[in-house]
1. Positive end of the dipole of chain A, charges at C-beta (+1 Lys, Arg; -1 Asp, Glu), about the Cα centre: which of A:Cys481, A:Phe323, A:Ile544 has its Cα farthest in that direction?
2. Short version: ³J(HN,Hα) in whole Hz for each residue of the stretch A:86-92, in order, from phi by Karplus 6.51 cos²θ - 1.76 cosθ + 1.60 (θ = phi - 60°), x for Gly and Pro, what are they?
3. Would you work out if the stretch A:1-141 is rounded, prolate or oblate? Take a ≥ b ≥ c from the square roots of the eigenvalues of the alpha-carbon gyration tensor; rounded if a/c is under 1.5, else prolate when a/b is larger than b/c, oblate otherwise.
4. Against the longest alpha carbon principal axis of chain A, how many degrees, from 0 to 90 and to the nearest 10, is the axis of helix A:30-41 turned?
5. Can you compute the charge dipole magnitude of chain A about its Cα centre, using +1 on each Lys and Arg Cβ and -1 on each Asp and Glu Cβ, nothing else charged? Give it in debye, rounded to the nearest 20.
6. A:Ala109 to A:Leu314: FRET efficiency via 1/(1 + (r/R0)^6), r the Cβ-Cβ distance, R0 30 Å, to the nearest 0.05?
7. Starting from the 7 Å offset along Cα-to-Cβ, what nm value, one decimal, do you get for the label separation of A:Glu131 and A:Lys83?
8. Output the 0 to 90 degree angle, nearest 10, between the alpha-carbon long axis of helix A:215-226 and the longest principal axis computed from the alpha carbons of chain A.
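The values are calculated or read from the model by the stated rules, or taken from the named source; none is laboratory data. It should be emphasised that the depicted structure is a prediction, and the values quoted were computed from it without experimental measurement. Heads up, the Cβs are rebuilt from the backbone with ideal geometry, glycines too, and the neighbour counts pull from every protein chain shown. Protein only, heavy atoms only, side chains kept; ligands, DNA and RNA dropped before computing areas. Shrake-Rupley method; radii C 1.70, N 1.55, O 1.52, S 1.80 Å.
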Amino acid sequence: MTDFKRTLITTALPYANGPIHIGHLAGVYVPADIYARYLRLKNEDVIMIGGSDEHGVPITLKAKKEGLTPQDIVDRYHNIIKKSFREFGISFDVYSRTSSKTHHETASAFFKKLYDEGKFIEKTSEQYYDEENEQFLADRYIIGTCPKCGFEKAYGDQCESCGTSLSPAELISPMSMISGNQPVLKETKHWYLPLDQYEPWLKEWILEGHKEWKTNVYGQCKSWIDSGLQPRAVTRDLDWGVPVPVEGVEGKVLYVWFDAPIGYISATKELTPDWEKYWKSPETRMLHFIGKDNIVFHCVIFPSMLKAEGTYNLPENVPANEFLNLENDKISTSRNWAVWLHEYLEDFPGKEDVLKYVLTANAPETKDNDFTWKDFQNRNNNELVAVLGNFVNRALVLTNKYFEGKVPARGGLSSYDKETLAGIKKIKGEVEKSLDSFRIREALKNAMDLARLGNKYLADEEPWKVFKNDVARVKTIMNVCLQITANLTICLEPFLPFSMDKLRGFLNLKNMDWGRLGETGLLPVGHKVNAPTLLFEKIEDSVIEAQLKKLADTKKANEMAEATAVPAKDDIEFDDFMKMDIRVGTIIECEKVAKTKKLLKLQIDTGIDLRTVVSGIAEYYRPEELIGKQVSILVNLAPKKLRGIESQGMILCAENADGSLSIVQPDKKVKNGSEVR
RNA sequence: GGCGAGGUAGCUCAGCUGGUUAGAGCGCGUGAUUCAUAAUCACGAGGUCGCGAGUUCAAGUCUCGCUCUCGCUACCA
């Protein structure tokens with residue numbers, strides 16, 4: 001392994017269209033913060049970079065919806081995010097934003113260099129264009145009828161009703177969200193990063209060179225690289241973002257995925273004029289802390305950009321976490337299913353460390369995990385309060401009681417004393433080993449063992465009994481306990497910074513380096529300690545119930561919203577309706593279409609003829625149970641090839657709120673070919 | 001359908017290159033203890049290591065098939 005002199009830690013840039021929730025924290029910011037604090041405590045040269053990702057289409061849409069400018073939107077969320085991070089104690093050395101001047105200059109220059117050196121390829125393609133407003137429309141700016149579910153307000157990239165991902169060309173009767181007019185297809189030129197050219201290099205660099213990466217990270221990279229990489233557009237027709245710095249080009253910006261990771265560089269520039277040593281010196285180790293959704297960007301795409309540029313370092317490791325669920329359900333910003341950081345800070349003042357602890361102890365390092373309020377309460381009450389807080393309290397209360405708060409001198413040490421003191425160094429080694437391999441959850445457990453060591457020592461030595469006939473021995477015992485307590489302030493500092501600060505207050509102790517962890521004389525004899533207050537407080541059931549009620553209310557509100565039927569469509573003439581030829585037919589044959597999950601191929605006797613229909617209902621019906629059933633079928637829909645099979649019609653289905661499908665059929669058997677109207 | 005990750009005690013997870021009675025924390029039970037926020041300490045119960053084959057003297061650990069969960073992906077009329 002290379003000997004690095006400094007570390008650059010980047011944390012995924014949160015998208016500035018919503019506040020931070022526990023999923024972001026558990027996946028990225030808490031582990032990154034712990035690791036950064038650990039390195040700082042070791043006096044290593046480390047910087048931790050963060051910032052808001054403020055470009056991209058969703059922000060422009062939100063702005064439009066609220067009648068504000070995109071800048072208004074990002075200002076709002078950037079401020080909420082930045083404030084909540086600061087209050088929560090995520091120790092960024094700099095928290096920047098991609099709408100900053102520095103970033104625009106940096107991203108622009110980065111693009112320009114690759115452009116000038118011919119690292120991009122140019123491609124012209126047809127995209128929808130709004131003639132009235134004279135601009136190309138991003139996928140999200142196009143609205144139309146979803147070809148699958150008939151939802152009229154599907155976006156060009158995705159139907160929010162059925163969740164299908166789409167391309168703008170698939171929408172039926174597309175409409176510009178800006179003018180309301182029908183857009184026209186028009187040619188536009190864009191630049192692409194030819195990822196395919198980097199494939200052999202990526203293979204070598206990751207698949208051969210970084211087998212030590214986490215299995216989830218390595219596996220996903222391998223999957224992408226092996227399946228063949230495609231050139232990726234780096235520009236977009238949009239007016240919100242970093243303008244493409246090419247002469248004569250207007251109305252184009254850098255694609256948000258291209259500009260966002262450069263934000264790490266910009267933020268570093270804002271932090272220090274010496275930024276280049278963090279990005280370009282081979283003695284610097286770069287780490288990207290991200291969630292699993294970002295693996296491909298940080299392992300394949302961004303490195304390819306850096307490689308193309310040529311002067312930058314590549315990431316040494318990318319410790320990506322899986323996802324955190326909340327009370328057995330996926331965290332979702334749009335469904336308001338989350339514990340929001342800014343709300344937590346209001347509801348639980350002074351309990352920043354409790355959330356950090358719970359999110360770390362239950363971190364989704366190897367697989368998706370579940371956050372429950374009950375677990376939150378249990379870990380606080382049974383671990384922080386009962387194990388850590390209680391030990392500290394015992395040590396200090398006894399010292400105050402027997403020795404007026406002065407650290408007593410040790411006498412001769414028993415072999416058990418020696419063993420206990422040696423245990424501190426052992427724990428230090430374990431914590432280091434875990435942290436060095438990014439096993440943060442394990443590291444926290446290791447560190448907490450120090451408090452367990454103390455509790456056990458106290459229980460075994462029973463100073464409250466010994467005091468009756470051997471005060472000298474009690475002096476030794478309490479000295480050992482206090483040294484353990486002092487060591488806790490170092491050992492747990494990366495994980496519980498606020499609480500350890502408080503504990504240092506109890507002990508009258510200054511901050512100490514990681515290197516001193518394991519020393520048995522951190523507190524000199526005669527040193528005065530204070531009377532302790534509680535390091536952690538129990539959390540009562542009522543508090544947890546209040547949070548659960550809040551979530552239950554959200555769930556209820558969501559159900560109400562789901563129960564509300566999609567609004568009626570515009571009126572049509574009777575003749576329009578009569579254009580549709582819907583018949584009753586009987587399913588004669590039915591089989592799954594190979595290599596698909598949702599498609600069934602059906603032979604249907606429509607009374608007119610026997611025809612083949614492909615339908616996306618395989619998730620709800622098994623082929624054998626459909627044979628012989630009567631269904632309603634739209635027979636005069638233009639045929640379309642799906643998976644190479646020509647589908648000659650559409651089977652009518654009702655879609656439930658959960659997206660499940662139910663075929664519409666006559667309630668009595670009727671003659672095949674009967675018209676439905 | 002393809003690919004990736006995961007399926008180990010009630011819960012959350014360790015188990016490296018295959019090797020004595022499969023581990024930890026929490027929860028549960030019993031006992032000890034009272035300095036401490038009824039906290040702590042000891043002991044214990046609890047697992048056919050997703051299912052089925054195979055390789056091997058020996059498999060949670062390797063191979064194959066199946067199955068379930070999550071994610072990515074695919075032309076879901």
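1. Farthest towards the positive pole: A:Cys481.
2. Here the 3J(HN,Hα) series is 5, 5, 6, x, 7, 8, 4 Hz.
3. Oblate is the answer for the stretch A:1-141, as a/c is 1.5 or above yet b/c matches or exceeds a/b.
4. 40 degrees
5. That gives a dipole near 2460 debye.
6. Efficiency, rounded to the nearest 0.05: 0.95.
7. Rounded to a tenth, the inter-label distance reads 4.8 nm.
8. 30 degrees
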